[in-house]
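Here the structure is laid out as structure tokens; the discussion comes afterwards.
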Amino acid sequence: MEEEAEIQENHDLPEFSWEERSLHLLQNSRLDKDFAKLKCPRKGGKKHRVRCMSKPMAIPEVILELQEPIVRESALRCLSTFLLEKRTEDPENYYRTGHLLFHSCCTMAILLQELLSFFRMIGDQNPSVRSSKRLANVLTLFQCIAANRETRLRFIDTCVPNLLQPVILYQTPLEVFENVRAVALSVIAILCQAGDPTIIQWAVKSNMVEICCTSIAMGNELTKVVGMHILEAIMQDESGLRYICSPMSDHLLQKMMTTWEHLVNLLAVDDDFSPRLLFHSIRCYFLACCDVRGLSLVKEKLPKTISNGFFLDIVGDFPLMGDLLQELLLTVDKIYDFLPDNLDDVYDH
């Protein structure tokens, strides 16, 4: 009864913001950091309790508790809470935990079992809020493994990141799941932003570009932001950009252009849109211009709202975005579509 009470107590604790779960390990732009603070301030009330983590051997002990089904949910919550709280103030222990999670006996098998259990719920069309949050705790542990330079390549070799694809693509009216989708995508984003060419090649060959485009089209704002981060990370790698822009992968480039065009068109008619989505759209167009075929297609497909000053007021509030927009328009020879007077206003703001 005491163990059951501990599980229930742990389940009732307040959540970390989904923004923190999804974006905290990504190489965020200043826009992402600012918006994360504005959109998801810390809620009041008691903090997560991680009393059990005060002892030197606490992390290995809690990892071992994952092997006990009756306390597994509590252990998952305790570990994920510790990682979210300590990622910046104690990075050494954060990365040490990733190493322990991957190399400790049976832990990866247990986490995979948790993932497969959720797949069964998907098959039965009955995932609950509680099961979705439990999955989010598992994904937080996967983030830690993906962030560790010693385990990320081995993590890919296990094919567990490939198994996140059904989670990312699953559609359900369950509101909380939209945020779980973003956390699942962030595992892929953390892997890709390591900048390892091997990981980038794995991502493009595992259809992550198509998956990102689909999730950007159907997901909420947070999902769109993380998906754009992945596309940026792939295009920042020379081999990744070359693969996407090669003639044999023309469908990838076309799909990305269509996705960005739809996103920009959505931003143009949505009064409450997030400027950071506009920033990532501009950045993706700019990165695509680093390849000859990509540049040619951007010149053809760049939405007029980007080049004709439609977003002038928004760009004026974010000099970082204004600088990037100017570089993009210079690159595609459309700087004169954006009136010089307007540009002066942007940079004098």
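The values are calculated or read from the model by the stated rules, or taken from the named source; none is laboratory data. Keep in mind it's a predicted model, so treat the numbers as computed, not measured. In this analysis, Cβ positions are derived from the backbone assuming ideal geometry, glycine residues included, and neighbour counts consider all displayed protein chains. Keep in mind that these areas ignore ligands, DNA and RNA; they rest on the heavy atoms of the full protein, side chains included. Shrake-Rupley method; radii C 1.70, N 1.55, O 1.52, S 1.80 Å.
Structure data summary
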{"quantity": "Val183 accessible area, 1.4 Å probe, all protein chains in place, Å² to nearest 10", "calculated": "0"}
{"quantity": "Accessible surface, region 54-118, averaged per residue in Å² (probe 1.4 Å)", "calculated": "45"}
{"quantity": "Accessible-area ranking of Trp260, Trp202, largest first, probe 1.4 Å", "calculated": "Trp202, Trp260"}
{"quantity": "Between region 146-178 and region 205-227, the Cα center-to-center distance that results, in Å", "calculated": "13"}
{"quantity": "Computed E for Glu20/Asn308 - FRET, C-beta separation, R0 30 angstrom, nearest 0.05", "calculated": "0.25"}
{"quantity": "Linear extension gain, Asp196 paired with Gln171, 0.36 nm per residue minus alpha-carbon span", "calculated": "5.9 nm"}
{"quantity": "Set Lys255/Lys299; Lys205/Lys304; Lys205/Lys299; Lys133/Lys205; Lys205/Lys301; Lys255/Lys301 screened for pairs whose C-alpha atoms are more than 21 Å apart", "calculated": "Lys205/Lys304; Lys205/Lys299; Lys133/Lys205; Lys205/Lys301"}
{"quantity": "Whether region 75-118 is rounded, prolate or oblate, judged on the alpha carbon gyration tensor where a/c under 1.5 counts as rounded", "calculated": "oblate"}
{"quantity": "Cβ-derived FRET efficiency at R0 41 Å, Met121 paired with Ala268, nearest 0.05", "calculated": "0.60"}
{"quantity": "Simple spin-label estimate for Glu61 and Leu112 in nanometres, 7 Å along Cα-Cβ", "calculated": "3.0"}
{"quantity": "Modelled FRET efficiency - R0 35 Å, Asp157 with Lys299, Cβ distances, 0.05 increments", "calculated": "0.30"}
{"quantity": "Length added when fully stretched, Ser128-Val292, from 0.36 nm per residue minus Cα-Cα", "calculated": "54.3 nm"}
